[in-house]
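What follows is a single structure, written as structure tokens, with notes after it.
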């Protein structure tokens, strides 16, 4: 199946690649309220401390901040509420097995709207990096930059 480019990326979690080693990626849908979709379409989303958590057999996105929609009235949403992630049952089981057996965590890497206009989240099954791993990554990046400059 050819992978399509997302039509509009709302937010990327650049910090996740610095703090975690991404082992596997999974795409999930987001169950949102109307005012949340309108705020996302305006590009308002913060993924800073966001992660996914299993609650009663379902996966939820926790600590993702979507500000209230400015034009919303009484039906506005709560900015930090947990949002349900939509995955097939087999995908949920696969993710839960990976998390339980190896002590990994699920971090949102990006939120975007696909070609059909649905809000999607690219999740990463991640392992936390130690300080020396971060230093190695920085050293490799610096070496690559210096090589490019010398060429």
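Descriptive notes on the structure:
- Nitroxide proxy distance, nm - points 7 Å out along Cα→Cβ at residue 147 and residue 89: 4.9 nm
- Compactness of segment 1-77 as Cα Rg over 2.2 N^0.38 Å, two decimals: 1.25
- Net length gained if the chain between residue 130 and residue 116 were fully extended (0.36 nm per residue, minus Cα distance): 1.1 nm
- Once the chain from residue 24 to residue 75 is taken as fully extended at 0.36 nm per residue, the excess over their C-alpha distance is 14.7 nm.
- For the chain, taking the reciprocal of the average inverse distance between every pair of different Cα atoms yields a Kirkwood hydrodynamic radius of 16.9 Å.
- Between the alpha-carbon centres of segment 99-132 and segment 5-76 there is a gap of 11 Å.
- Likely footprinting exposure, 112, 118, fewest C-beta neighbours within 10 Å first: 118, 112
- Normalised by the number of residues in segment 8-150, the mean separation of alpha-carbon contacts (under 8 Å, six or more apart) gives a relative contact order of 33 percent.
Every read-out reported here was derived from the displayed coordinates using simple, explicitly stated rules and does not represent laboratory data. It should be emphasised that the depicted structure is a prediction, and the values quoted were computed from it without experimental measurement. Cβ atoms come from the backbone with ideal geometry, glycine included; neighbour counts cover every protein chain shown.
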